[in-house]
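Below is one structure, written out as structure tokens; comments come after it.
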Amino acid sequence: MPQSRRRFLMTAAATAGAVGLSPRLVTAQAAKDSFDTSAGPILISPVSHASFVMETPAGVIYADPVGEPSAYGSLPPADLIMVTHEHGDHFNAETLAALVGDNTTLITNPSVFDKLPEDLKSKATAIANGESTSFGSVGLDAIPAYNTTAERLNFHPQGRDNGYVLTFGDFRVYVSGDTEDTPEMRALEGINLAFLCMNLPFTMDAEAAASAVQEFRPAVVYPYHYRGRDGGTQDPQKFAELVGDASEVKMGNWYG
């Protein structure tokens, strides 16, 4: 890991400790939340909708980066980029080409891998539902992401799309991608931080998302991906009320 990036992470954690913020969840900078883990601090930067960046002791991880590359200009370059599935609010080959550097690794589901240009395929690894891989010391598990409601099955068919669980020492992060509250989601255990989608008609509503959280109980959860076309906006505050004391709900600045 580059020394400059290591110094940045250490400085953010030290600053948070100096002002007496919670050791579990602190605000390191205006747009970044910091989570202490046994592997070191993890900084979270929401970018937009389903795109966010994690600055971790293992490297900088981008999740589903789309849109203008300039949106990432103030953030460190990506060491790892994860793509959950092929829809345009999660995957854009031109955005990836602009963000992938000489030492960037890509992890995608097989469907996205097949759609990558050849120069990006050489940097990519495809993992399917139920498969695992690693990025340095970080374990990555591909969690099935799919629709279960009859009239939504064509949006995210079972077996195609991924969610991801990343394991940093004893700290586990779940990224849902686009999915309903599947049995695989509800069966998750030991999740410290979750990013949970909700919008209709493509994924699930706030009630279903909150019900899932009450079952798998991540320590902290970000509602994300909650505005969409066709009037599909879900209310993150309503989600938080429904979650109650099952998890701590963290609001990110996803939509400016």
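The values are calculated or read from the model by the stated rules, or taken from the named source; none is laboratory data. Because the structure is predicted, anything quoted here is derived from the model rather than measured. Cβ coordinates were reconstructed from backbone atoms using ideal geometry, including for glycine residues, and neighbour counts include every protein chain displayed.
Against the condition crowded, with 17+ Cβ neighbours inside 10 Å and under 29 Å from residue 207 (Cβ atoms), how does residue 162 come out, does it pass?
Against the criterion (crowded, with 17+ Cβ neighbours inside 10 Å and under 29 Å from residue 207 (Cβ atoms)), residue 162 qualifies.
Going by what's in this entry, would residue 190 be described as among the small types (Gly, Ala, Ser), in contact with a strand residue (DSSP E or B) (Cβ under 8 Å, 6 or more places away or on another chain) and at positive phi?
yes
For the range 167-174, indicate whether the set of residues that are among the basic types (Lys, Arg) and either under 20 Å from residue 88 (Cβ atoms) or over 14 Å from the mean Cα position of the chain (by Cα) (or both) is non-empty.
No; the residues of the range 167-174 include none that is among the basic types (Lys, Arg) and either under 20 Å from residue 88 (Cβ atoms) or over 14 Å from the mean Cα position of the chain (by Cα) (or both).
Please state which of the following conditions residue 24 fails to meet, knowing it meets all the rest: (1) part of a loop (DSSP other than H, G, I, E, B); (2) at pLDDT 95 or above; (3) more than 23 Å from residue 87 (Cα to Cα); (4) not acidic (Asp, Glu).
With respect to (1) part of a loop (DSSP other than H, G, I, E, B); (2) at pLDDT 95 or above; (3) more than 23 Å from residue 87 (Cα to Cα); (4) not acidic (Asp, Glu), residue 24 is out only on (2).
What about residue 142, is it modelled with pLDDT of 95 or more, among the hydrophobic types (A, V, I, L, M, F, W, C) and buried (at least 20 other Cβ atoms within 10 Å of the Cβ)?
So residue 142 passes the test.
Go through the residues of the range 128-146 one by one and say whether even a single one is in contact (Cβ under 8 Å) with a residue 12 or more places away in the chain, within 24 Å of residue 243 (Cβ to Cβ) and in contact with a His (Cβ under 8 Å, 6 or more places away or on another chain).
Looking for residues that are in contact (Cβ under 8 Å) with a residue 12 or more places away in the chain, within 24 Å of residue 243 (Cβ to Cβ) and in contact with a His (Cβ under 8 Å, 6 or more places away or on another chain), one finds at least one in the range 128-146, hence yes.
For (1) β-branched (Val, Ile, Thr); (2) within 22 Å of residue 57 (Cα to Cα); (3) touching a strand residue (DSSP E or B) at 6+ places or on another chain (Cβ under 8 Å), each residue gets a yes or a no:
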| site | (1), (2), (3) |
| --- | --- |
| 170 | no, yes, no |
| 173 | yes, yes, yes |
| 184 | no, no, yes |
| 198 | no, no, yes |
| 213 | yes, no, yes |
| 218 | no, yes, yes |
| 249 | yes, no, yes |
| 252 | no, yes, yes |
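Which condition number does residue 245 fail, the rest of (1) surrounded by fewer than 16 Cβ atoms within 10 Å (Cβ to Cβ); (2) touching a residue at least 12 places away in the same chain (Cβ under 8 Å); (3) within 30 Å of residue 40 (Cβ to Cβ) being met?
Among (1) surrounded by fewer than 16 Cβ atoms within 10 Å (Cβ to Cβ); (2) touching a residue at least 12 places away in the same chain (Cβ under 8 Å); (3) within 30 Å of residue 40 (Cβ to Cβ), residue 245 violates only (2).
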